[in-house]
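See structure below.
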Amino acid sequence: MSSFVSVVAPAKINLQLSVGPLRADGYHDLATVFHAIDLVDTIIASESESLRVSVRGEGAQFVRADSSNLAAKAAQALADLHGISPRVYLELEKRIPVAGGMAGGSADAAGALVACDALWNLKTPKAELHSIAASLGSDVPFALSGGTAIGLGRGELLTPVITTGEFHWVIAISEGGLSTPKVYAECDRLRAQQVPSQPEPTDYQPRISEGLVQALRAGDAYALASTLHNDLQAAAISLKPSLARVLDTGLELGALAGIVSGSGPTCVFLVASQDRALSIAASLSGSGVCRTVRTARGPIVGARQN
Ligand code: C5P
């Protein structure tokens, strides 16, 4: 048994986020395409008397380092499954923006599951790790599996999507975060305003775009650009109008397409190559429309030991 385990876990982009009506359980049915990118958090698990968490890096001051942290809940849930005490110190080194719409908290939870499983030498079957992940949050199962995948249900029912090559991204990180439940609620509110008659639950049926799946299979960034879509984008812009300027600026600088990532406020731009990513990122950074800019590639694998 090693004295510590280090795991990296990826951020996600939703290449498509199609949102259905509000369900009785407070969630929305989704049809989404997740894509894992090489913007990663590192999760280090070491032996400890009790369950402890510390957080450093990007946005660490906004993350609670206690038992309410999703990574701590993941460790606790795994220990409960095996009937053991969660004797682990989890160090979270953040690069994924906090409350940014890139599932950073979910990445930390997935990373904690993989790290604790190795530290405690449990060899938990994948299906059981997946089911703990789904109980922790809608995006945690994808952070475990990575790659590119269709997500149905709350987003936890995953099917891998075949892709060719890699895609290049510029990530524009805004000041502050957006609350995921508030963005979904704003989406519902905007839809209720739009439909003059009684909105029927069938008005919004989440569906995966066939064109998007084909573009991924072909590795065609130009075709992919025309199919990127996020149903939560209007809601995120309604709550944070400055995002419209971020999106416009990225497109003016030559990105093939730009969308709000998940519930925002991070915006992601698909670009034609690594070189284009670097030059657009430099110009976007200089434009002052967002707080920080990163470049990234996808897809990459899910949470894994490094
Ligand atoms: O599953 P997770 O804890 O990440 O979800 C956070 C919140 O986002 C939920 O409480 C819900 O308000 C909203 N949500 C939703 N439909 C989904 C996923 C999340 O309404 N499919």
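Read-outs: derived from the displayed coordinates by stated rules, not from any lab. Small disclaimer: the values here were computed from a predicted structure and weren't measured. When we count neighbours, we look across all protein chains shown, and the Cβ atoms used for this are built from the backbone with ideal geometry, even at glycine.
Taking the fewest neighbouring Cβ atoms within 10 Å as the starting point, the ordered list for V98, V140, V88 is V98, V88, V140. Assuming charge only on the beta carbon of Lys and Arg (+1) and of Asp and Glu (-1), the dipole of the range 13-130 about its Cα centre is about 60 debye to the nearest 20. Beta bridges assigned by DSSP with both partners in the chain are antiparallel in approximately 85 percent of cases. Rounded to the nearest 10 degrees, the inclination of helix 180-194 to the longest alpha-carbon principal axis of the chain is 30 degrees. Here the Kirkwood formula puts the hydrodynamic radius of the range 165-284 at 15.6 Å, using every distinct Cα pair. Ordering T148, T32, T124 by the number of other Cβ atoms within 10 Å of each residue's own Cβ, fewest first, gives T124, T148, T32. Evaluated with a Cβ-only charge set (Lys, Arg +1; Asp, Glu -1), the chain carries a dipole of roughly 240 debye about its Cα centre, given to the nearest 20. The P(r) of the range 10-77 has a tail past 15 Å containing 69 percent of all C-alpha pairs. Note that the chain carries a Kirkwood radius of 19.6 Å, evaluated over its alpha carbons pair by pair.
Tabulate in residue order the Karplus-calculated ³J(HN,Hα) for the range 248-257, using 6.51 cos²θ - 1.76 cosθ + 1.60 with θ = phi - 60°, rounded to whole Hz; enter x for Gly and Pro. Karplus values, whole Hz, x for Gly and Pro: 4, 5, x, 5, 4, 7, x, 5, 6, 6.
In the P(r) worked out for the range 240-306, what percent of Cα pairs fall beyond 15 Å? Walk me through the intermediate numbers first.
Values: 1156 of 2211 pairs.
Here the long-distance tail beyond 15 Å is 52 percent of all Cα pairs in the range 240-306.
When Rg and Dmax are taken over the Cα atoms of the range 44-196, they come to 17.1, 60 Å.
Given the pairs K12/K94; K94/K123; K73/K240, which span a C-alpha to C-alpha distance of over 23 angstrom in this model?
Flagged as over cut-off: K94/K123; K73/K240.
Based on the reciprocal of the average 1/r between different C-alpha atoms, the Kirkwood radius for the range 71-133 equals 12.0 Å. Loop-located GluC sites (Glu not before Pro) in the range 152-244 (DSSP state not H, G, I, E or B) with no more than 16 neighbouring Cβ atoms inside 10 Å: E166, E175.
Going by how many other beta carbons lie within 10 Å of each one, how would you line up D25, D41, D220, D203, fewest first? The partial results should precede the final answer.
Numbers: D25 7, D41 26, D220 16, D203 13.
Lowest count first: D25, D203, D220, D41.
3J(HN,Hα) couplings calculated from phi for the range 230-238 with the Karplus curve 6.51 cos²θ - 1.76 cosθ + 1.60 (θ = phi - 60°) are, in sequence order, 9, 5, 8, 4, 4, 5, 5, 5, 4 Hz; Gly and Pro show x. Angle of helix 104-119 to the longest C-alpha principal axis of the chain, folded into 0 to 90 degrees and rounded to 10: 30°.
Select from the range 89-155 those trypsin sites (Lys or Arg not before Pro) which occupy a DSSP coil region and have at most 12 other Cβ atoms within 10 Å, ordered by residue number. Could the numbers behind the result be given before it?
On the way: sites: K94, R95, K123, K126, R154; in loops: R95, K123, R154.
Taking the range 89-155 and a limit of 12 other Cβ atoms within 10 Å, the loop trypsin sites (Lys or Arg not before Pro) found are K123.
Calculate the tail of P(r) for the range 206-258: the fraction of all Cα-Cα distances greater than 14 Å, expressed in %. Cα-Cα pairs of the range 206-258 separated by over 14 Å account for 61 percent.
Each 10 Å bin, from zero up to the one with the longest distance, holds this percent of the alpha carbon pairs of the range 33-115: 19, 54, 23, 4, 0.
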